[in-house]
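Notes follow the structure.
The values are calculated or read from the model by the stated rules, or taken from the named source; none is laboratory data. All figures in this text were calculated on a predicted structure; none of them were measured in a lab. Cβ: placed from backbone, ideal geometry, glycine included. Neighbour counts: every protein chain shown. Only protein heavy atoms, including side chains, enter the accessible area calculation; ligands, DNA and RNA are left aside. Shrake-Rupley method; radii C 1.70, N 1.55, O 1.52, S 1.80 Å.
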Amino acid sequence: MHPFQELPKTIESYFSELETWLDLEGVAERERMMRRRKLRSIKDAERTGEALLHLRIHEHQTGLAGRILIDFVKSARHDFPANRLKVGSPVVITDQDSDSDRGLSGVVSAKKKDLIQVAVEHWPEGDRFRIDLSPDESTRRRQLAAMAKAKMAKGRSKQLRDLIIGTRDITPMGDNRETIHFQTHLNDSQKDAVAFALASQEIAIIHGPPGTGKTTTLAELIYQAVKEGKRVLACAPSNTAVDNLLEKLIPLPLDVVRVGHPARVFSELRNHTLDEIVERDPSTKILLDMRREVQQLVRDAQKISRGKDWRRRKREYFSEAGILRGQIKSLEKSIVSNVIQSADVICTTTTIDDDLIGQDSFDMVVVDEACQATIPGTWQAILRAEKLVFAGDHQQLPPTVLSKEAISKGMQCSILESLIKREGNKIYRRLTVQYRMHHQIMDFPSGYFYDSELIADSSVSHHLLTDNPQAAASPLTNEPLLFIDTAGADFNEEKEEEGESKFNAKEANLVVQLIEQLTGVGIVGDQIAVIAPYSAQVRYLRDKLGNRDIEVDTVDGFQGREKDVVILTMVRSNQEQEIGFLSDLRRTNVAMTRARKKLIVVGDSATLGSNHFYSELFDYFEHHSSYSSIWEHLTL
C-alpha cells in the first residue's frame, strides 16, 4: 500500500512539500510524453494505450460555445486498438509527418470503436495526424496559485487550513436528525451521515464503502443545505464523478448548474451545463446579432483596399468591430455571472475555473470521491468554503500519480484519508448498508477493510444469477463465489514485448472458457465484466473476445461501476512469489466489490498466497466451499 505519513505542521514547510510533489509529478508527466513521442511506429506508440496514429479527418462540425468538433478515423477505417483516450480526456493533436509540429490542444468529446471526436478551438495543420493523451499544465498552475493563496489565508480559509494541517483542533459536533424532513428514502446510517454533516460547523467526512449509496446521501445533504438557505459548491476530481452527482441532484427541487467544458459532460446532462443555459438566455439573441455585425464589419474592412483615405476607413471599421467585441465580452460575462449567482448548486471538478465562477465563496463545499484527489488538487475548493464536506472511501482507489518518488513521499494520500487517520471517528460517519453485493461477496472485504460493519440490504443479500431471466441453474449460477487455483499448472505470467505490463495467456484462455460457460447457461454478455490488474492482460483478452458485449478493463476503469458477474484474473504467477502492485490491496478491494451476484477469481495461490491478505482470501473461499483447483474444475 502507499505510504502514509504526517505532513509538516508549519505552514511554509507543509506547502513546500506539496510544491515538491507537483514538481516531481510534472517531470514524470513530461518524461512519459517524451517517451511516447519517440515511439514513431504504430505498434510501439499505440501499445501504451495513450496514443492513436495514422488518423485522418473524416468530418467536422461546430459544437457548443463555438468549438470545432473534428471526427478522426484511421486511414483505412480500421477499429482503434485498446486505448485510454476517453470522453473528457485532454489530448494533443499533431501532424504525424512533422517532427516540429508543437501540436494543438483539445478534449475528446465522443468516441466509437473506429472514430474519435475532439473538440478544439482552432483547425489543425496537416493531412495525417496522431493524438496523444496530454498532461494538463493549466491544472498544475491553478493548484500552485491556490496553494500560494492558502499560505496567506485569513478568516475562515485560515481556520479551515489550520484544521487540515493539524495546527488547530477539530470540534466534535452532535446532530439531531429528528428535525430533518428527508426528501429521499434513506437508511439510518445515511440519515445519520446527513445530520452529522449538517450539524458540523467546520469539516465533516462521509465514508462510503462500495455500494452504500454515498452519492444519493450527498445529494440529500446538498438539498437539505439549500433548504436552509445555503449556497453549495459540489466538486469531484473527475468529470465522471461530477456527472454522477449531478444525475442524483437533477430530480431534486434545486437550481443546479454544471460548469465545465461541454465535451467533458455526459451528453444527456448537457441541458444543465453553463454553456447551454447561457445559450437559452434571452440576452443571447442580442449577442448573436452583435456577432453577425462584427463579422460584417470585418468583411467590409477587408474589401477596402483603394480610394481616398482607404487606410483610415479600414482602421475605423476594425476599430468599430473591436469595440463591439468588447461589448460582447462584457455582456457574456454579465449573463454568466447572473446564471452562476442565481444557482443553488454549482457542480464542477476540483480544477475550478476562476474566470467563470469568479472569487465567490460558498456556505458549503462538498468534495465527492475525495480520496481520488491529491492534496494539492483540493486546495482550490477548500479556499471557497465556509464549511467542508469530504466524501469517499480511502480503502478504494487513490489518486493517480505517475512519479514513483512523489508516491514514496505520500502524494497518493488524500486529505480525507489523513484526517480520518489523525482524528478518528469524531470527524466522520460511515455508511453501512450496501445495495449491490450478495452477502458472501461482501463479507470478506467488510471484515478486512470496514471493521465488519457492512450489512447487505435484504434486496441483495441472497440474490444469485439464477434470479436473472433466462438463466439456467448450474454450478456457475447457483453460488455467489468461485476461486479457481491455477497453482502447479504452469500458468506462467509473461511480460509484453517492449513494454513493462504483464499478461498471462493461459489464464486469459481460461477466462474465455468461463465466459462461454456463463453465456451457455443464459447469462447475457453485458452482465459480465472481466477485470485485470494489468493493461497487457486487458489487451490480450479484448483481442481474444473480439466484438462481444463483455466489458474488459483495468481496475481503474471499473471504479464506481458494477456488474452481475465479475471475473477477476490476477495474472501474477512466478517462482519468486512477486505480486507487484497487487500488494496495493485497495485495488483488489475495488475489483471484488464490483460484483453483484457472482465473483470469480482466477489466480495462482502459490504466488499470491505469500501475501497475508490473499492467503486469508483463499481461506475464505475454501470456508464457503468455493475453492477449486484448475485440475478438478476444467480440462484444458
- line: Counting only protein heavy atoms and leaving out ligands, DNA and RNA, the solvent-accessible surface of R156 at a 1.4 Å probe, in Å² to the nearest 10, equals 60
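Is the C-alpha gyration tensor of the stretch 172-252 telling us rounded, prolate or oblate? Criteria: a/c under 1.5 is rounded; beyond that, a/b larger than b/c is prolate, otherwise oblate. Can you show the working numbers first?
Working: a/c = 1.43, a/b = 1.36, b/c = 1.05.
Taking the square roots of the gyration eigenvalues as a ≥ b ≥ c, the stretch 172-252 is rounded.
In square nanometres and to one decimal, what's the mean projected area of the convex hull around the Cα atoms of the stretch 262-409?
Numbers: hull surface 56.0 nm².
If you wrap the Cα atoms of the stretch 262-409 in a convex hull and average its projections, you get 14.0 nm².
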task: Give me the angle, in degrees from 0 to 90, between the Cα long axis of helix 239-249 and the longest principal axis of the Cα atoms of the chain, rounded to the nearest 10.
output: 90
- prompt: Which angle from 0 to 90°, rounded to the nearest 10, does the C-alpha axis of helix 137-151 make with the longest principal axis of the chain?
  reply: 90
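When every alpha-carbon pair in the chain is counted, what percent end up more than 34 Å apart? It would help to have the intermediate numbers written out before the result.
Working: 101619 of 201930 pairs.
Everything past 34 Å amounts to 50 percent.
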- prompt: How would you classify the stretch 486-609 from its alpha-carbon gyration tensor, with a ≥ b ≥ c the square roots of the eigenvalues: rounded for a/c under 1.5, else prolate if a/b is greater than b/c, otherwise oblate?
  reply: prolate
task: Note the per residue figure in Å³ for the convex hull of the C-alpha positions in the stretch 211-330.
output: 142
- prompt: Which sequence of L419, L331 reflects their accessible areas, 1.4 Å probe, from the largest down?
  reply: L331, L419
In Å², nearest 10: area of L476 left accessible to a 1.4 Å probe: 10
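Quick one: net charge of P445's neighbours, Cβ under 15 Å, K/R +1, D/E -1? Write down the numbers at each step before the final one.
Values: positive: R430, R436, R586, R587, R594, R596; negative: D393, D443, D451, E453, E562, D584, E616, D619.
Residues near P445 contribute -2 overall.
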- prompt: With charges only on Cβ, +1 for K and R and -1 for D and E, what is the dipole size of the chain about its Cα centre, in debye, rounded to 20?
  reply: 2880
field: Dipole magnitude of the stretch 333-384 about its Cα centre (Cβ charges: Lys, Arg +1; Asp, Glu -1), debye to nearest 20
entry: 100
- request: Would you kindly find the accessible area of M152, with a 1.4 Å probe and non-protein molecules such as ligands, DNA and RNA excluded, rounding to the nearest 10 Å²?
  value: 140
statement: Hits in the stretch 186-223: amide N under 20 Å from the 7 Å Cα→Cβ extension of T167, namely 202-203
task: Name the residue farthest towards the positive end of the dipole of the chain from the options G166, L476, S75, assuming +1 on Cβ of Lys and Arg, -1 on Cβ of Asp and Glu, about the Cα centre.
output: S75
- request: Only helical DSSP H runs with n ≥ 4 go in: add -39500 (n - 2.57) per run for the chain, normalise by residue count and round the 222 nm mean residue ellipticity to 500 deg cm²/dmol.
  value: -12000 deg cm²/dmol
List H185, H58, H272, H612, ordered by accessible area with a 1.4 Å probe, largest first: H185, H612, H58, H272
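Using the structure shown, select from K74/K544; K191/K597; K113/K502; K158/K285; K191/K409 the pairs with a Cα to Cα distance greater than 32 angstrom.
Working: K74/K544 22 Å; K191/K597 27 Å; K113/K502 24 Å; K158/K285 44 Å; K191/K409 37 Å.
Pairs exceeding the cut-off: K158/K285; K191/K409.
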message: To test your reading of the geometry: what angle, between 0 and 90 degrees and rounded to tens, separates the Cα axis of helix 612-623 from the longest principal axis of the chain?
response: 60
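In the P(r) worked out for the stretch 48-160, what percent of Cα pairs fall beyond 16 Å? Show your work: numbers first, answer last.
Working: 3966 of 6328 pairs.
Summing the P(r) of the stretch 48-160 above 16 Å gives 63 percent of all pairs.
Heavy atoms only, probe 1.4 angstrom, no DNA, RNA or ligands counted: give me R258, R141, R67 ranked by accessible area, highest first.
Numbers: R258 0, R141 150, R67 40 Å².
Final ranking, largest accessible area leading: R141, R67, R258.
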Options G155, V108, I277, ranked by Cα towards positive dipole end of the chain, top entry (Cβ charges): I277
query: Relative to the Cα centre, what is the charge dipole magnitude of the stretch 500-636, using +1 at the beta carbon of each Lys and Arg, -1 at the beta carbon of each Asp and Glu, and rounding to the nearest 20 debye?
result: 340
query: From the Cα gyration tensor of the stretch 594-635, with a ≥ b ≥ c the square roots of its eigenvalues, which class applies: rounded if a/c is under 1.5, or else prolate if a/b is larger than b/c, or else oblate?
result: oblate
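How big is the Kirkwood radius of the stretch 416-556, worked out from every pair of different alpha carbons and given in Å to one decimal? Please list the in-between numbers first.
Working: mean 1/r = 0.0556 Å⁻¹.
Taking the inverse mean of 1/r over all distinct Cα pairs, the stretch 416-556 comes out at 18.0 Å.
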statement: Kirkwood Rh for the stretch 503-572 from C-alpha pairs, in Å, is 11.9
task: Have a look at G392, L464, W379 and report the one farthest towards the positive end of the charge dipole of the stretch 358-499, computed about the Cα centre with Cβ charges (Lys/Arg +1, Asp/Glu -1).
output: W379
query: Based on the mean of other beta carbon atoms within 10 Å per residue, what is the order of 96-109, 591-604, 239-252, most packed first?
result: 591-604, 239-252, 96-109
